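First comes the structure, then the notes that go with it.
Bear in mind that the values in this text are calculations on the coordinates, not laboratory data. Given the structure is predicted, the values throughout are model-derived calculations rather than measurements. Counting neighbours? That spans all protein chains shown, and the Cβs are built from the backbone with ideal geometry, glycine included.
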Amino acid sequence: MCQVPEQGFTNHELATAVGIEGRTVRRNSPTIYNVAYAKRLFHDGREHWLEQRVWGPLLAANEMGNPSADGSIERIGTLSDYGGLFEKAFEDMGLGKETLGMALAGYQRTLVSGNSAFDRWYFGSEEAAVSEAAARGFRLFSGWARCATCHLVDRDHALFTDDQLHNTGIGSLHRRAAGGQVEVAPGTVVELDEVFLAPISEIPPGDFGLYEITGNPLDRWKYRTPLLRNVALTRPCMHDGSLGTHQRFPIARR
Ligand code: HEC
């Protein structure tokens, strides 16, 4: 639901994700393209190992809502379509918390993108691979626009990230239900006042980014520099989905 393969392993319709039973998730689903190479995981960088990352969404009450890790393993053990598969893949270990993480991490590590037009141009010196306008854009990106100070790209960095967390000014204390245009059906857009939206919308709680992990006030509103590879396929953007085509439709933000 949140990492839809056809939608760049994120979800184009929703600025912030919706979990089990329609529960509000306050952050945007980050894409899992190239996650094999990410040094920090989640928007606040709280996990570092893909094998461990799986338990966040599996157990979060507003995401997949499983009551406990052991309970989840027990439940998977009763499902006939997994019968014997974990034992076959992990001979000595069988089904368990570690091997579930290893299995899902193993799959996610295959979602690697490479050999893009940019790669052929920049790393492969194939001059005609990108348009002149794109080449000008890159000169700006890596030159005086200084994007590449955080979205690193050079011979040793192909991911457009410095693996650090920064406060870029997008953090928020709290959000309000906003009125505006709502797409009630594909192609049918109506103008709705905030008064109508507020009672049916759960307002996402505040978000302090890295501070929530470290407790250090200097870390307030710091978020991971996202990998920009495939950014054209992975809208909406930013930890709160604030940069995306669906910004126009506020109901999609809930
Ligand atoms: C100080 C470090 C820094 C600089 C400089 C910087 N960025 Fe970012 N960028 C970030 C961080 C951190 C985020 C994530 C912010 C968030 O989630 O709220 C981000 C997010 C983005 C995103 C959204 C990607 C996604 O998948 O969510 C795009 C696109 C982007 N930056 C492009 C640029 C461009 C273009 C420039 C230059 C004009 C630039 N950035 C300069 C740190 C930086």
At R0 = 30 Å, FRET efficiency that the Cβ-Cβ distance of residue 97 and residue 21 yields, to 0.05: 0.75
Furthest towards positive pole of dipole, 49, 102, 144, structure part the chain, Cβ charges: 144
For region 134-244: rounded, prolate or oblate by the Cα gyration tensor [a/c cutoff 1.5]: oblate
Neighbour count of at most 16 Cβ within 10 Å plus DSSP loop: longest GluC sites (Glu not before Pro)-free window in the chain: 14-90
At R0 = 41 Å, FRET efficiency that the Cβ-Cβ distance of residue 157 and residue 195 yields, to 0.05: 0.25
Only Lys, Arg (+1) and Asp, Glu (-1) charged, at Cβ; the chain dipole about Cα centre in debye: 680
Stretch gain in nm, segment residue 85-residue 170, where the contour uses 0.36 nm per residue and the Cα spacing is subtracted: 26.2 nm
Reach of residue 97 by Cα under 19 Å, taken over aspartates and glutamates that are not fewer than 8 positions away in the same chain: 47, 51, 63, 70, 74, 81, 87
Chymotrypsin sites (Phe, Trp or Tyr not before Pro) within region 132-162, DSSP loop, no more than 13 other Cβ atoms inside 10 Å: 144
Choice from 142, 80, 113 showing the highest fluctuation, given a GNM over the chain with Cα pairs closer than 10 Å: 80
GNM result for the chain, Cα springs below 10 Å: residue of 207, 92, 193 fluctuating most strongly: 92
18 Å Cα-Cα reach of residue 222 towards lysines, excluding residues that sit fewer than 8 places from it in its own chain: 39
Calculated log₁₀ intensity ratio I(q)/I(0) where the Debye formula runs over C-alpha points of the chain, q = 0.12, 0.17 Å⁻¹: -0.85, -1.38
MRE, 222 nm, helices only [DSSP H, n ≥ 4, -39500 (n - 2.57), over the chain, to nearest 500]: -6000 deg cm²/dmol
Projected area, mean over directions - region 59-168, Cα convex hull, nm²: 11.5
Among 102, 238, 93, residue whose mean-square fluctuation peaks in a GNM of the chain (springs only between Cα atoms under 10 Å): 93
FRET efficiency for residue 135 and residue 76, using Cβ-Cβ distance with R0 set to 41 Å, rounded to 0.05: 0.25
